[in-house]
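We did not get these values from a lab; they are worked out from the coordinates using the rules stated. The structure presented is a predicted model; accordingly, all values stated were derived computationally and were not measured. FYI the Cβ positions are ideal-geometry reconstructions off the backbone, even for glycines, and counts take in every protein chain you see.
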Amino acid sequence: MRHFIRLLALLFAAIGFSSGPATAKAQLPPRPDAPAVATAGDAAPSVSPAPNVLEPGAQPSLLAEPPPTPSPSPAKPRKHSYNSCQVEGKHVAITFDDGPHPTLTPRLLDILRERGVRATFYLVGKNVAAYPEIVQRMVAEGHEIGNHSYNHPSFLKLSPAGLAQEVKSTNEALAAAVPQKPTTIRPPYGATNASITKRLSEEFGLTVVMWSVDPQDWKYRNASRVSSHIIQNTVPGSIILAHDIHPSTVDAMPPALDALLAKGFQFATVSELIAMDSPKVAEKTHSGPGVPISAPPPAMEPLEAYAPEPAAATPAPQAAP
Ligand code: NI
């Protein structure tokens, strides 16, 4: 009798496993390790995963998936400034200074959207006040906005009160345009020093973001030279500097972005890249102590570098200095 029951059990088992993949799957017993109650880890995915707010009519399928939310250690010290970041994986950030420009910036935004690339724009406050709708489009399409002063002066030549005025008036122009507040600042011409950088970070809550890849697009108005420099010098953790006020720079972007994407680079906003920054990566990727882990300080842009192209159709509100 016992043998008969075992035979019956085997028979049922055989029927179960031979009745096709779909039903076989359905008959599988519950995994013994499946928890009956959701754990804290299981609850996490219910948090809204999409930081990018899309306007109606935007094309979400063309935008890149936002990278997984980095989880920096809460003990991670906040740095006052970054030239580049130490990250796991081929993450980089591309930044565009001095806009928005009434015609070139929308053209650049089209190029970025076609490729699902998100960038960070260091905006000049007076241009924000003139073209708030372009800033709104940037935010709607998932880009980050940062402070680049109101009138583009060298911070080294300002009084403490003058510096505060430049920073605050730009934040106010941004606040009038979009709900997002900037968390980073790029001093015009890269002109800063330790005490200014510390003040920007501590008093205004703005992390100073410099760069590690500089095609000098303000100087070389040649799209292929600019794109080649970017393609050849970008490495994981790079912060790329460009200016969306020169037609040649915008022309350089399709080949530069396509080549970097083909190499497997993923574009993060500056804040996302900073959130991924980890000294542990530097320990892993560098052979030992004494090896510099960050790029050398970037060369300062000369003061005459800020010369936006005049708008063809719309007159620029204030001529460049
Ligand atoms: Ni600038």
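Structure summary
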quantity: Residue in the range 143-158 that is within 23 Å of the chain's Cα centre (by Cα) and more than 16 Å from the ligand (Cβ to nearest atom) present; calculated: yes
quantity: Hey, V235 buried (at least 18 other Cβ atoms within 10 Å of the Cβ) and touching a strand residue (DSSP E or B) at 6+ places or on another chain (Cβ under 9 Å) or not; calculated: no
quantity: Selection within the range 116-133 - in a helix (DSSP H, G or I) and crowded, with 24+ Cβ neighbours inside 10 Å; calculated: N127, V128
quantity: Some residue of the range 200-214 being in contact (Cβ under 8 Å) with a residue 12 or more places away in the chain, in a helix (DSSP H, G or I), among the charged types (D, E, K, R) and surrounded by fewer than 20 Cβ atoms within 10 Å (Cβ to Cβ); calculated: yes
quantity: Selection from the range 85-99 of residues that are in a loop (DSSP other than H, G, I, E, B) and away from the ligand (no atom under 13 Å from the Cβ); calculated: C85, Q86, V87, E88, G89, K90
quantity: Which listed residue is of a type outside the set (S, T, N, Q), within 14 Å of the ligand (Cβ to nearest atom) and touching a residue at least 12 places away in the same chain (Cβ under 8 Å), from I196, I245, I230, I240; calculated: I245
quantity: Search result, residues across the range 100-123 that are away from the ligand (no atom under 16 Å from the Cβ) and within 22 Å of L261 (Cα to Cα); calculated: P106, R107, L109, D110, I111, L112, R113, E114, R115, G116, V117, R118
quantity: Long-range neighbours under 9 Å by Cβ, at least six apart or interchain, first residue over 30 Å from V117 (Cβ atoms) and in a loop (DSSP other than H, G, I, E, B) within the range 142-165, second more than 15 Å from the ligand (Cβ to nearest atom) and aromatic (F, W, Y); calculated: none
quantity: Residue count, the range 73-130 (criterion: at positive phi and of a type in the set (A, V, I, L, M, F, W, C)); calculated: 0
quantity: Which listed residue, of A256, A177, A191, A268, is among the hydrophobic types (A, V, I, L, M, F, W, C), surrounded by fewer than 23 Cβ atoms within 10 Å (Cβ to Cβ) and out of contact with any Phe, Trp or Tyr (no Cβ under 7 Å at 6 or more places or on another chain); calculated: A177
quantity: Given (1) within 23 Å of E114 (Cβ to Cβ); (2) away from the ligand (no atom under 16 Å from the Cβ); (3) of a type in the set (A, V, I, L, M), number of the condition A177 does not satisfy; calculated: (1)
